[in-house]
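Engineer: Got a structure for you, questions after.
The values are calculated or read from the model by the stated rules, or taken from the named source; none is laboratory data. All values derive from a computational prediction rather than experimental measurement. Don't worry about glycine lacking a Cβ; one is built from the backbone with ideal geometry, like all the others, and counts go over all protein chains shown. Keep in mind that these areas ignore ligands, DNA and RNA; they rest on the heavy atoms of the full protein, side chains included. Shrake-Rupley method; radii C 1.70, N 1.55, O 1.52, S 1.80 Å.
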Amino acid sequence: MSEQTIFLVEDDEKMSILIQGELQKWGFHVSTVENFQYVMEEFQTVQPKLVLMDISLPYFNGYHWCQEIRKVSAVPVIFLSSASDKMNMLMAMNMGADDFIAKPFDMDLLVVKIQAILRRIYTFDANEQVLIYKGFQLSLLEGELSYQSKVVNLTPNETKILAVLFQEAEKQVTKEVIIERLWEDEAFISSNALTVNITRLRKKIIAGGLPQLIHTIKGIGYMVGISHE
């Protein structure tokens, strides 16, 4: 894999050194936080391809910084935390995270998950960079949904969810299919986590002034369509 920059937000020095050393073996460049009061300033300077974020941090927790990152970027964020209960996992997804890995974890698992997310986010077929449905344009590379003159910026997960639904426009798509396509059956993902992502995406579409696209098919899943309630 070609060298790509990962921004590591981890205050445990031993853990940080361990992760940095392992990822460098796989050709990644790892940039670590120097001052935990200025995580966003350092993030903007680094412009990483992916962020590894602990939850418990000095000054502000990882949820705070994930929210701040989501205001300016759709870069994938993976949470690393010993707080691995269901509530923390769902909170992470609600803040815009793309994955959650509980500590302690196997370094090989971390590498595999990073590689999978980078492939999923940054590798697209040249003929599928833009998906179109009744005036809506979904840019997979830019992570943008546009309609007429209005544009909504999307996170990687939101982009992928819409891509799955656009590819099956006006057809019912089960929750299981979306989860499999989006997260490649990663164990921590649940129906609740998908619901959190869908809810946030719907709110974002409405807040951006676009017509609502995503409709719930009770007991089944979701569907893209503009003529349904």
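Engineer: Taking all protein chains in place and a 1.4 Å probe, what share, in percent, of the accessible surface of the chain do carbon and sulfur account for?
Structural biologist: The nonpolar share, carbon plus sulfur, comes to 49 percent.
Engineer: So, one more: Based on the Kirkwood radius over alpha-carbon pairs, what is the Stokes-Einstein translational diffusion coefficient of the range 1-83 at 37 °C with 0.692 mPa s viscosity, in µm²/s?
Structural biologist: Diffusion coefficient, whole number: 257 µm²/s.
Engineer: Placing +1 at every Lys and Arg Cβ and -1 at every Asp and Glu Cβ, with all other atoms neutral, what dipole size does the chain have around its Cα centre, in debye to the nearest 20?
Structural biologist: Dipole about the Cα centre, nearest 20: 900 debye.
Engineer: Hey, another quick one. For the chain, what is the accessible area per residue in Å² when the probe is 1.4 Å?
Structural biologist: Dividing the accessible area of the chain by its residue count gives 49 Å².
Engineer: Let me ask something else about it. Which angle from 0 to 90°, rounded to the nearest 10, does the C-alpha axis of helix 62-72 make with the longest principal axis of the chain?
Structural biologist: Between the helix axis and the principal axis of the chain, the angle is about 50 degrees.
Engineer: Please compute the contact order of the chain in relative form: average sequence separation of alpha-carbon pairs under 8 Å and at least six residues apart, divided by the residue count, as a percent.
Structural biologist: Relative contact order of the chain: 14 percent.
Engineer: What is the antiparallel percent of DSSP beta bridges lying wholly in the chain, to the nearest 5?
Structural biologist: Antiparallel bridges: around 55 percent, rounded to the nearest 5.
Engineer: Need one word for the range 42-115: rounded, prolate or oblate. Basis is the Cα gyration tensor (sqrt eigenvalues a ≥ b ≥ c); a/c below 1.5 gives rounded, then a/b vs b/c decides.
Structural biologist: Oblate is the answer for the range 42-115, as a/c is 1.5 or above yet b/c matches or exceeds a/b.
Engineer: Let me test this: with uniform point scatterers at the alpha carbons of the chain, what is the Debye-based log₁₀ I(q)/I(0) at q = 0.07, 0.17 1/Å?
Structural biologist: -0.22, -1.26
Engineer: Here's something else I'd like to know. Would you mind checking 103/171; 25/103; 103/203; 113/203; 150/171; 134/160 for any pair whose Cα atoms are more than 30 angstrom apart?
Structural biologist: Long pairs (Cα-Cα over 30 Å): 103/171; 103/203.
Engineer: Calculate for the chain the 222 nm mean residue ellipticity that helices alone would give, adding -39,500 (n - 2.57) per DSSP H run of length 4 or more and normalising by residue count, nearest 500 deg cm²/dmol.
Structural biologist: Counting only the DSSP helices, I get -13000 deg cm²/dmol.
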